[in-house]
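The structure under discussion appears below in the form of structure tokens.
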Amino acid sequence: MSENRRKTVISIIIALAFFAIIGKLFYIQVIDSSYKFSAANNVLRYVTQYPARGLILDRNGIPLVTNKTAYDILIVKKQVKPFDTLEFANLLGLTVEQVKQAFIDVTKQRGYSPRKAVVLLKQIPAERYARLQEMLYKYQGFEIQPRTIRNYEKPIAAHVLGYVGEVDENKIKSDPYYQLGDYIGINGLERSYESVLRGKKGVKVFLVDVHNRIKGSYENGKYDSLAVPGKNITSTLDVKLQEYGEKLMKNKIGSIVAIEPKTGEVLAMISSPTYDPNLLVGRERAFNFRSLLNDTLKPIFNRSIMALYPPGSTFKVVNALIGLQEKVVAPYTKYECHGGYTIGRGVGCHHHPSPVNLIQSIQVSCNTYYCHVFRNIIDKKDFGSVEDGLNAWKKHVLSFGYGKKLGIDLPNELNGIVPSVSFYNKYFRRGGWSSLTIISLAIGQGELAVTPLQMANLVATIANKGFYKTPHVVKSIEGQSIDEKFTQNHYTTIDSSYFDYIIEGMDLAVNGEPGSGSTARIAALPDIRICGKTGTAQNPHGKDHSVFFAFAPKDDPKIAISVYVENAGYGATWAAPIASLMIEKYLKDTISRPWLEKYIMEANLLDRRAKAN
């Protein structure tokens with residue numbers, strides 16, 4: 001190769017290399033922004049600005065959930081100088097061992113870097129922070145980040161309000177909004193309305209030096225954004241009624257659910273035993289949660305929507321309505337009762353006047369009557385077979401909201417159970433069962449299971465004479481409307497005219513004359529016409545459950561209520577007086593029978609249950 005040619009080749013190679021370098025620089029600086037962002041991240045620090053969560057109010061605007069300030073202590077490990085650990089611990093009300101462990105735990109955090117600010121201690125109360133603030137100059141490398149945490153104004157409604165906790169990694173992966181250390185609603189309204197309550201995070205951008213020390217705001221805050229507070233929510237709860245109900249249910253196991261029939265708004269939802277929602281706030285949250293979780297009485301468990309109970313004799317009103325609709329019984333139809341239904345294995349009944357018609361059967365809660373009615377439904381000739389009869393019966397039952405989720409705006413609601421043909425075919429074999437085999441369904445026993453919410457919804461449906469609105473616990477949201485599904489009517493398969501007979505029977509059950517066999521006279525009030533139905537639900541594991549549901553006033557219903565007290569015996573003994581007191585409290589805000597109130601509030605059924613076991 002000649003000397004000139006060699007020079008030409010070398011010149012071309014140099015030129016190509018030069019253009020390659022120029023091209024790469026152009027790509028890095030103009031086309032590909034990742035390098036720019038990477039460089040920016042080395043000189044900028046993005047500090048999240050956390051919004052205050054929206055408030056939760058009761059239906060009258062009384063605050064139920066507010067916010068209070070707490071402080072996270074952050075450190076940049078490389079900047080921390082030796083300090084007095086004992087003094088630091090005392091300022092924060094901690095032990096030296098807790099502080100040392102916090103430093104160990106810091107290094108285990110995801111994305112840990114000794115040059116970046118990481119959380120050392122979370123949710124330091126304001127009073128502790130005030131003591132630390134005066135001495136903060138002693139602790140180089142320490143920073144403070146204010147946060148808001150929940151404050152529950154009263155120790156009530158824990159199961160409805162829910163609680164807030166730190167977001168887990170699964171949520172971080174599925175929703176890019178959340179980052180490590182963020183808080184999220186975990187249960188109750190805090191969870192159902194998380195996207196409304198949480199607001200929107202902001203950010204402040206700072207310039208930092210090579211040691212990650214803040215040198216000032218970047219571009220005078222040009223790229224900062226403000227946090228947007230969460231929206232306030234007005235719940236449907238009546239704080240006075242909720243608080244009163246929890247007092248009545250103290251030392252008892254069960255539930256109270258009260259609904260405004262016309263709107264489906266939940267006025268009170270009590271699950272007992274309960275707990276103070278403030279136990280699940282702050283640094284002691286994890287310890288308190290474990291204690292509640294290990295409690296054998298299950299205070300975290302929301303019995304109102306998660307416990308499945310036999311409805312007992314309250315279910316007779318459903319069978320009465322189905323019987324009327326299918327024309328297998330009439331208001332004037334009478335059956336005699338001599339201590340029970342004696343066909344097959346038999347169903348016992350208590351002493352009451354006999355014979356009784358449909359209205360009187362509700363008044364005295366006759367088991368025999370409903371064994372006849374139920375078999376008339378299942379064995380109706382038009383159906384052709386017991387399977388078709390049960391399918392028709394089940395279709396009616398489902399229309400009352402039993403056997404399915406009602407769709408309340410709370411998490412973890414259960415369906416309940418309404419048995420099917422396939423269940424009985426599997427259990428007894430096809431052709432191996434009849435209406436007599438499943439006669440327990442006549443009186444709300446057997447394979448039926450409902451939640452207290454479904455029971456309250458049923459009595460609201462009766463008060464409305466055949467329809468209900470989906471129960472809900474949020475009345476309004478700041479700046480937006482509630483879900484349309486809460487304003488729509490859901491109609492049963494029963495003609496509205498038949499409900500008058502049921503209402504009359506429920507009226508007599510509470511307000512019948514002495515000696516008439518009325519089962520719920522204890523619930524009667526002189527100036528409020530209550531319509532109700534007792535139930536004594538059989539319990540194979542112990543004493544029967546006390547059940548009652550009612551609505552009032554009779555002519556213009558404003559409250560529908562179900563009460564379920566576990567292992568408490570007859571419905572008239574505990575559930576009926578509790579419901580009556582709740583109704584009076586809501587409609588009059590006074591109690592005319594302080595002796596009854598005192599008797600209920602001071603009763604400790606937990607002791608009785610323990611002794612029985």
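Nothing in this text is a laboratory measurement; each read-out follows from the coordinates by a stated rule. Every value quoted in this text rests on a predicted model; they were computed, and no experiment measured them. Glycine also receives a Cβ, built like all others from the backbone with ideal geometry; neighbour counts cover every protein chain displayed.
Here the extension length gained between Asn412 and Trp595 equals 62.1 nm, from 0.36 nm per residue of separation less the Cα-Cα distance.
Extension gain, Asn220 to Glu602: 0.36 nm times the residue separation minus the Cα-Cα distance gives 131.1 nm. For region 162-276, lysine pairs separated by 8 or more sequence positions, or belonging to different chains, with Cα-Cα distances below 25 Å total 19. Amide H to amide H under 5 Å from Gly141: which residues, 5+ apart in sequence or cross-chain, H placed 1.01 Å off N in plane? When sequence neighbours closer than 5 places are left aside, there are no close amide H contacts. The charge dipole of the chain, taken about its Cα centre with unit charges on the Cβ atoms of Lys, Arg (+1), Asp and Glu (-1) only, comes to about 2120 debye. Protection proxy ranking for 86-92, 389-395, using the average of other Cβ atoms within 10 Å per residue and placing the highest first: 389-395, 86-92. The trypsin sites (Lys or Arg not before Pro) of region 115-176 that DSSP puts in a loop, and whose beta carbon has at most 15 other beta carbons within 10 Å, are Arg115, Lys116.
Rounded to the nearest 20, the size of the Cβ-charge dipole of region 299-407 about its Cα centre is 280 debye, with Lys and Arg at +1 and Asp and Glu at -1. Per-residue 3J(HN,Hα) values for region 439-456, derived from phi via the Karplus relation 6.51 cos²θ - 1.76 cosθ + 1.60 with θ = phi - 60°, read 4, 4, 5, 4, 10, x, 10, x, 8, 6, 8, 9, 9, x, 4, 5, 5, 5 Hz in sequence order (x marks Gly and Pro). The alpha-carbon of Lys316 sits under 20 angstrom from the alpha-carbons of these lysines, leaving out residues fewer than 8 places away in its chain: Lys327, Lys334, Lys380, Lys394, Lys395, Lys404, Lys465, Lys533, Lys554. Axis of helix 3-26 versus longest Cα principal axis of the chain: the two differ by about 40°, to the nearest ten degrees. What the phi angles of region 543-556 give under the Karplus curve with 6.51, -1.76 and 1.60, with θ = phi - 60°, is a coupling list of 5, 4, 8, 8, 10, 7, 9, 7, 9, 6, x, 4, 8, 8 Hz, glycine and proline written as x. Proximity of backbone amide H atoms, modeled 1.01 Å from N, is registered between Lys554 and Arg529 at under 5 Å, excluding neighbours fewer than 5 places apart on the same chain. Taking other Cβ atoms within 10 Å as a rough exposure proxy, Leu207, Leu16 sort from fewest to most as Leu16, Leu207.
On full extension, the segment bounded by His350 and Ile14 gains 110.1 nm, given 0.36 nm per residue less the C-alpha separation. Packing around the peptides 305-311, 223-229, 548-554, 294-300, taken as the average count of other Cβ atoms within 10 Å per residue, puts them in this order, highest first: 548-554, 305-311, 223-229, 294-300. Every helix of 4 or more DSSP H residues in the chain counts as -39500 (n - 2.57), and over all residues that averages to -10000 deg cm²/dmol at 222 nm. Each of Tyr332, Tyr46, Tyr71, Tyr370 was scored by other Cβ atoms within 10 Å of its Cβ. Arranged with the fewest first, they read Tyr332, Tyr46, Tyr71, Tyr370. Restricting the GluC sites (Glu not before Pro) of region 241-308 to loop positions (DSSP other than H, G, I, E, B) with no more than 16 neighbouring Cβ atoms within 10 Å leaves Glu284. Between Arg521 and Lys240, the FRET efficiency from the beta-carbon distance, with R0 = 25 Å, is close to 0.40. A simple spin-label model places pseudo-atoms 7 Å from Cα toward Cβ; at Tyr112 and Lys247 they are separated by 5.1 nm. Close amide H pairs (under 5 Å, H built 1.01 Å from N) link Lys475 with Thr234, Ser235, Thr236, residues at least 5 positions away or on another chain. Per-residue Karplus couplings for region 371-383, computed as 6.51 cos²θ - 1.76 cosθ + 1.60 with θ equal to phi - 60°, are listed in order as 5, 5, 4, 4, 5, 4, 5, 5, 9, 4, 4, 4, 6 Hz, Gly and Pro entered as x. Each residue in Leu436, Leu406, Leu279 was given a count of other beta-carbon atoms within 10 angstrom of its own, and listing them fewest first yields Leu436, Leu279, Leu406. Between the listed residues Leu86, Leu74, Ile156, the Cα displaced farthest toward the positive end of the dipole of region 45-235, a dipole computed from Cβ unit charges relative to the Cα centre, is found at Leu74.
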